[in-house]
Amino acid sequence: MQIECVINDQKTVLEANAGELLADTLRARGLLSVRKGCDTACCGLCTVWIDGKPTLSCAVPVFRAQGKHITTIEGVSEEAAAFARLLAAEGAEQCGFCSPGFIMTVLAMKRELKNPTEADIVHYLTGNLCRCTGYMGQMRAVKKYLGVAS
């Protein structure tokens, strides 16, 4: 089947099999920042934006991308790099496997939430798993990025 959509601001026609998941289709197109870590829509590694909203692409059948605007970390590379530097500075960057999905969620949070509390941040990040860090460094980096007082 053919799916017409916009990926990272470029009109695209995706070739996909019926029942294929968006995460698999994006990876097949070379967007390797889209990762899968759980196969149960629980880890956040596959997070992309669909029409500006963070979405777990491993839980979205590719046909639902028809006519949508999809953004991966490749489409927001400068903004992502700025936050990644904060992650590293706070000692929160270790293996990096979860980073693309986590970063996409944080960038979306910055767009959506104004003056979030720590509880708002924790709630927004629920479902983004990291096996390497203790989350404290990540929280420090997120707060600095969002301009939230500690």
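Just checking, does the stretch 38-49 include any residue being over 29 Å from G147 (Cα atoms), among the β-branched types (V, I, T) and out of contact with any helix residue (DSSP H, G or I) (no Cβ under 7 Å at 6 or more places or on another chain)?
So in the stretch 38-49, the residues over 29 Å from G147 (Cα atoms) come out as 38-41.
Now restrict to residues that are among the β-branched types (V, I, T): 40.
Those left that are additionally out of contact with any helix residue (DSSP H, G or I) (no Cβ under 7 Å at 6 or more places or on another chain): 40.
Yes: the stretch 38-49 contains one or more residues that are over 29 Å from G147 (Cα atoms), among the β-branched types (V, I, T) and out of contact with any helix residue (DSSP H, G or I) (no Cβ under 7 Å at 6 or more places or on another chain).
Tally time: how many residues in the stretch 57-73 are of a type in the set (A, V, I, L, M) and in contact (Cβ under 8 Å) with a residue 40 or more places away in the chain? Before the answer, list the steps.
Kept after step one, since they are of a type in the set (A, V, I, L, M), are these residues of the stretch 57-73: 59-60, 62, 65, 70, 73.
If we keep only those that are in contact (Cβ under 8 Å) with a residue 40 or more places away in the chain too, we end up with 62, 65, 70, 73.
Total satisfying the criteria: 4.
Here is a yes/no grid of residues against (1) surrounded by 20 or more Cβ atoms within 10 Å (Cβ to Cβ); (2) small (G, A, S); (3) not assigned by TED's automatic domain parsing to the domain that holds V106:
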| site | (1), (2), (3) |
| --- | --- |
| N17 | no, no, yes |
| L31 | yes, no, yes |
| C38 | no, no, yes |
| G52 | no, yes, yes |
| A59 | no, yes, yes |
| F63 | no, no, yes |
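Kindly indicate which of T133, T105, T126, T72 is exposed (fewer than 13 other Cβ atoms within 10 Å of the Cβ) and β-branched (V, I, T).
None of the other options fit; the residue is T126.
Which helices (runs of 4 or more DSSP H) does the stretch 75-150 wholly contain that include 3 or more residues that are free of Cβ contacts under 8 Å to residues at least 24 places away in the same chain? Break it down into steps so the answer makes sense when it comes.
Details: elements: 77-89, 99-112, 118-125, 136-146.
Output list reads 77-89, 118-125.
Quickly run through the stretch 83-102 and pick out the residues that are within 13 Å of N128 (Cα to Cα) and either modelled with pLDDT of 95 or more or in contact with a Ser or Thr (Cβ under 6 Å, 6 or more places away or on another chain) (or both).
Answer for the stretch 83-102, where residues must be within 13 Å of N128 (Cα to Cα) and either modelled with pLDDT of 95 or more or in contact with a Ser or Thr (Cβ under 6 Å, 6 or more places away or on another chain) (or both): P100, G101.
The values are calculated or read from the model by the stated rules, or taken from the named source; none is laboratory data. Note that the structure is a prediction, hence the values are computed from the model and not measured. Every residue, glycine as well, gets a Cβ built from its backbone with ideal geometry; the counts of neighbours run over all protein chains shown.
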